Amino acid sequence: MFAVRTVYPCSVRRRSLDSRIAGSLVAVVLCAGGPVGAQQLQRVERVDVARLLVDARAVDETGQPILGLDAADFEVRIDGQQVAVESAQWIGGELSGTGPLPSVEIAGVADPGIRGRLIVFVVQKSLQADRAIGLLRLLQDSERLLTQLTPEDRVAVLSFESHLKLWLDFTDDLDRVRTILTDEVMFREPGPLEPSRGPSLVTDISHDVGRATSSIEEALGLIGNALEPLPGSKSVVLIGHGFGELTVTLGIFGAQLDKRYEEARAALHAARAAVFSLDVSDVDYHTFEHGLETVSYETGGFFVRTHLFARRALDQVANALVGHYVLFTEQPAVRDEEPRTHRIEVELVGREGTVLARSTYVD
């Protein structure tokens, strides 16, 4: 999209990436003209070029990540309108047998700024029988979630029961992560934490702040807000039993999501955080899984039940954590002055597989 405008005087400027939304816009301003006199303004032309960033995970039918893709392998539609994909940059694990992937030419746009990935584990605790059994079983096998991580990755661990607790700030100590998930998070209390030297959650999620968090929706919003200043995209692995407000319509039970969820979704979008939900409920279906499904779909992750094939579900999430593509695409012209929500659809071209990406963005 090229919009030519008249400005006085001549200026060269580039708007920085707005990290508050996953679909961020980059405006590159080009102008030409000679020196401007003290009493004379020179008329110049400015061209605004709008672009969109989309974090996308491509997986095959077995849940394995599809590596080695480039821009031509993706099709992106905004509000049903196809837009050009200018580049696709892989962020994550090493690609065996391939050369460097193409990336954007604007420094700092797709580069996450931190080597490795940022991953947050959130355990939604419950001692209710049909939840506790599945949760304990899953946590005992949670080591499988760490198999695809590298020494450059950083992991944080939190839990939520009556309020939010921070167990471990971002660390590369995977042995400590494993111990907390398998042995401590269910029956002990976290100790005091010092901020990590690198990316950290301690400042934004202090003990007092966590105690003031009364719902899992508020907890997800708080996590999103804490992740937002950190560069690049993030992954949130939510091990839990769901959320929402119980409703009864014509005798049929259901659940609806309220403003707290909408605020959490906005915060996760701003942080470029995809949520991968592992439902620990030991049933085929339950009302509150709708919350887990919705937050996963809308942020670019996925939802999976664990009561029948827990290890398969864990491996599926572990594979998704291997990495993702940052797509740099055109942004359709926006004529409305008021911000509005746009629908994003991403598919593979000429290849079998599924693409996971956030479903919307706001101007």
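What the table below lists for this structure:
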| item | result |
| --- | --- |
| Count of residues meeting criterion [without any contact (Cβ under 8 Å) to a residue 60 or more places away in the chain and buried (at least 23 other Cβ atoms within 10 Å of the Cβ)] in the stretch 144-159 | 5 |
| Options Val85, Val120: the member that is open to solvent by 20 Å² or more (accessible area, probe 1.4 Å), β-branched (Val, Ile, Thr) and modelled with pLDDT of 95 or more | Val85 |
| Those residues of the stretch 158-172 which are more than 23 Å from Ser126 (Cα to Cα) and out of contact with any Pro (no Cβ under 8 Å at 6 or more places or on another chain), in sequence order | Thr171 |
| Hits in the stretch 341-359 - residues which are surrounded by 20 or more Cβ atoms within 10 Å (Cβ to Cβ) and assigned to a loop (DSSP other than H, G, I, E, B) | Arg358 |
| Matching residues in the stretch 283-334 - criterion: being of a type in the set (Val, Ile, Thr), under 13 Å from Ser235 (Cα atoms) and at pLDDT below 95 | Val322 |
| Identity of the residue in the stretch 198-251, in a helix (DSSP H, G or I) and open to solvent by 60 Å² or more (accessible area, probe 1.4 Å), that ends up nearest to Ser277 (Cα to Cα) | Glu218 |
| Failed criterion for Val283 (all others in (1) assigned to a loop (DSSP other than H, G, I, E, B); (2) aliphatic (A, V, I, L, M); (3) surrounded by 23 or more Cβ atoms within 10 Å (Cβ to Cβ) hold) | (3) |
| Which numbered condition Glu184 misses (of (1) within 23 Å of Asp258 (Cα to Cα); (2) of a type in the set (D, E, K, R); (3) open to solvent by less than 30 Å² (accessible area, probe 1.4 Å)) | (1) |
| Positions within the stretch 293-340 being in a strand (DSSP E or B), open to solvent by 50 Å² or more (accessible area, probe 1.4 Å) and touching a residue at least 40 places away in the same chain (Cβ under 8 Å), in sequence order | Glu330 |
| Residues located in the stretch 71-94, provided they are touching a strand residue (DSSP E or B) at 6+ places or on another chain (Cβ under 7 Å) and under 28 Å from Arg154 (Cβ atoms) | Phe74, Ser87, Ala88, Gln89, Trp90, Ile91, Gly92, Gly93 |
| Qualifying residue in the stretch 257-279 (condition: touching a helix residue (DSSP H, G or I) at 6+ places or on another chain (Cβ under 7 Å), among the basic types (Lys, Arg) and open to solvent by 60 Å² or more (accessible area, probe 1.4 Å)) | yes |
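The values are calculated or read from the model by the stated rules, or taken from the named source; none is laboratory data. All of these numbers come straight from a predicted model, not from anything done at the bench. Here the Cβ is made from the backbone with ideal geometry for all residues, glycine too, and neighbour counts use every protein chain on show. Quick note on the areas: whole protein, heavy atoms, side chains included, nothing else; ligands and nucleic acids left out. Shrake-Rupley method; radii C 1.70, N 1.55, O 1.52, S 1.80 Å.
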